Amino acid sequence: MTNKKIETELFMRFFREILVTSKAYRFTMLAMFVGHFIFTWSVMHSLFDSSQNITEHLIVRGFLEALLLVLICHCLVRPYLRLNMLAISMTSQMIARAFVYLIFVSVIYFLISYSLGKTDVLSATDISRINIQNQSGFVAGESNLWLTAILGIGGSFITLTTWSMLYLIFKYQINKRELQEEMNSIQIQQLTSQLSPHFLFNTLNSIRALIFADQERASNAITLLADLLRSQMQTQLQSQTTFKSDWATTKNYLNIELIRFEDRMTVDTDFDDEILNQPLPTLTLLTLTENAIKHGISPSSKLGFIKISAKKISTTQWQIILTNSVYNDLKQHGTQIGLRNVRKRFILLFGNNFTFSTALENQTYTVKMELPYVESIIG
């Protein structure tokens, strides 16, 4: 009973692998079908006497041969490879078993292909009946059955082995890319989780300062903080978000700080509508505005400002510019951790396809980012 259950489970896993396909795989198999059909028809057309009226038979035989190859690869070879050969490291035993399995499938492939030529409908396309003629004109007769079997099985084995190697190379590349993307996502989430406690600490400090100065404003700030934490909970597990969503979170934070600083800070924004759904690492804007307030606005009693602009600058790029006033002489050394954090997340999300620069001039600190513009964004 146990063995039957194991066999049933193996069969079901094998069957499930047949059903799971990707769009790229289906397109590739369709291209292989067309290519094999053209190749088979061309070869058989050159082998048989063109004076015979068997063109339609050759087309049918070519179609069935191409279909047979696709079915063999998809239903017998691919599931085995996916279940047994996609491990990180392969042992010699695994490779040996795979070769034995491919030989077994090659025999099946040859027998079915050979049987097609023995049917009444396709007997005119039976390759084993081809007469071999030497240079002196002597006809040697029909091909030997054993020779046909050896050549047929050998050819089938080479074809299936080549297909298997190409498929494994393709899958290894896909798996490597997916693993890298997953690791990048984990790293971004780790960097984001490092920012959240820092952000919450600053916000609570802001509310603490308000409690003694103005309880009504402190109450409003707590309400805003609740809204902010709610949006944080919704996005915390996401490694990336959209500019629109990131700005919504940042806006709640700025509203809290506007209550705290009262007449000491102004915030101006200028956003193009076409960049609102562009991708960003989560908490990018929040990190930059936190730095601007902590190291630019907070240390000075003068009226400070924060300006944020975002616009599309070309068909392939868009930019974010954040400027804030700096009236102290600290040169904003404390911002470097936050900026390095943002830069690391940009590398993980965009690779090297971005620019990130900072400048301090005329009591104004500027952070400028140019990012790849993505045309097709699902909002």
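The values are calculated or read from the model by the stated rules, or taken from the named source; none is laboratory data. Note that this is a predicted model, so its numbers are computed, not measured. Protein only, heavy atoms only, side chains kept; ligands, DNA and RNA dropped before computing areas. Shrake-Rupley method; radii C 1.70, N 1.55, O 1.52, S 1.80 Å.
Taking θ as phi - 60° and the Karplus parameters 6.51, -1.76 and 1.60, the scalar couplings of segment 59-64 work out to 5, 5, 5, x, 5, 5 Hz in sequence order, x denoting glycine and proline. Seen through its C-alpha gyration tensor, with square-root eigenvalues sorted a ≥ b ≥ c, segment 78-123 comes out prolate because a/c lies at 1.5 or above while a/b is bigger than b/c. Summary value for segment 237-368: 24 percent relative contact order, contacts being C-alpha pairs under 8 angstrom separated by 6+ residues. Distant-in-sequence amide contacts of Thr242, defined by a placed amide H-H separation under 5 Å and a gap of 5 or more residues or a different chain, comprise Leu280.
Per residue, the accessible area of segment 12-102 comes to 61 Å² when a 1.4 Å probe rolls over the protein heavy atoms. With a ≥ b ≥ c taken as the square roots of the eigenvalues of the C-alpha gyration tensor of segment 243-301, please select rounded if a/c is under 1.5 and otherwise prolate if a/b is larger than b/c or oblate if it is not? Note, shape of segment 243-301 comes out prolate. Backbone amide hydrogens, once placed in the peptide plane, bring Asn328 within less than 5 Å of nothing, excluding anything fewer than 5 places away on its chain. Under a 5 Å amide H cut-off, with hydrogens placed 1.01 Å from N, Met265 pairs with Gly304 among residues at least 5 apart or on other chains.
Using θ = phi - 60° in the Karplus curve 6.51 cos²θ - 1.76 cosθ + 1.60, the 3J(HN,Hα) couplings for segment 104-110 round to 4, 5, 4, 4, 4, 4, 5 Hz; x is entered for Gly and Pro. What the phi angles of segment 287-295 give under the Karplus curve with 6.51, -1.76 and 1.60, with θ = phi - 60°, is a coupling list of 4, 5, 6, 4, 4, 4, 6, 5, 10 Hz, glycine and proline written as x. The apolar share of the surface of segment 241-345, taken as the fraction of accessible area on carbon and sulfur atoms (1.4 Å probe, ligands and nucleic acids excluded), comes to 47 percent.
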